[in-house]
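Undergrad: Once you've had a glance at the structure underneath, I'll fire off some questions.
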Amino acid sequence: MSETTSRPAPPAPAAAPPHADGSDPADFSTQIADQIESFLLAVTEIAKGDDPDSAVPYLLLEVSQLLLAGGRLGAYEDILPDERYEPDLGDEPDTDPLREGLAALLDPVDVYSEVFDPYEPRKAPVAHRLSDDLSVIVTELRHGLAHYRAGRVSEALWWWQFSYFTNWGPNASAALRALQSLVAHVRLDQPLTPLDGLDTDQELDGEDELAEVAGRVMRAEILGRDRS
């Protein structure tokens, strides 16, 4: 007759340690705030220009991760703030230094072509700037983070969700397409298509020169060497 040996029950998984402010890492609001704060820190560091060769792929990674938080906010039920009127946060932090740093870092591939609303019939492409998109995203996320740090969690979540639909979400989606396209052009060794006049801030002698210069800069940024 065989004997059965009882096994000790496996230990319960250890709970994640609380944050310094006592918040639960498993909480939805904490997870969203963590993702947003991580993005803000990363983009601020990238804009300093200390590692220009990795700027585009790092931005691709950070924007992709941020849009995961945006997707979660978009799929979540409508969030309503506790207060009827938004509390005053005072002066907003200046994002001009960040925008200017990104513009210098990404020049001359900062400008790209984007369709504002893909469901609007016959909508013509317009010129966008990655540096403008990213600075808008940072401004909107910082605004909500200020509420979150002040303990107004529902206000922060409402702001992040609302501005995901109206502002930072569309900007992040557009920037992601542009960044992914830049990386794909380099990895597949494909030249850029000229912007046909949409690049209004650059005065190049012709479309061929625009494609050549932009392609060379992309390769230098992403691969750290000129492959042209």
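Derivation of every value follows stated rules applied to the coordinates shown; laboratory data play no part. Note that the structure is a prediction, hence the values are computed from the model and not measured. Virtual Cβ from ideal backbone geometry, glycine too; neighbours counted across all protein chains shown.
Undergrad: Quick one: which of 62-68, 132-138, 92-98, 80-86 comes out on top by average Cβ neighbours within 10 Å, and what's the full order, highest first?
TA: The densest-packed peptide leads the list: 132-138, 62-68, 92-98, 80-86.
Undergrad: What nm value, rounded to one decimal, do you get for the distance between Arg72 and Asn167 when each label is placed 7 Å out toward the C-beta?
TA: 2.2
Undergrad: Also, quick follow-up: Quick one: dipole size for the range 67-167, taken about the Cα centre, charges +1 on Lys/Arg Cβ and -1 on Asp/Glu Cβ, in debye to the nearest 20.
TA: Charge dipole, the range 67-167, about its Cα centre: 320 debye, nearest 20.
Undergrad: Determine, for each peptide in 35-42, 153-160, 123-130, the mean count of other beta carbons within 10 angstrom over its residues, then list the peptides with the highest first. Write out the running numbers ahead of the final one.
TA: Working: 35-42: 17.4, 153-160: 21.6, 123-130: 15.4.
Result, highest mean first: 153-160, 35-42, 123-130.
Undergrad: Need the full-extension length gain, Ala150 to Lys48, defined as separation in residues times 0.36 nm minus the C-alpha distance. One decimal, nm.
TA: 33.9 nm
Undergrad: What net charge do the residues around Glu155 carry, taking every other residue with its C-beta under 13 Å from that of Glu155, with Lys and Arg at +1 and Asp and Glu at -1?
TA: -1
Undergrad: Spin-label point model (7 Å from Cα, Cβ direction): what's the Phe28 to Leu188 distance in nm?
TA: 3.8
Undergrad: Please rank Arg149, Arg99, fewest neighbouring Cβ atoms within 10 Å first, as an exposure proxy.
TA: Arg149, Arg99
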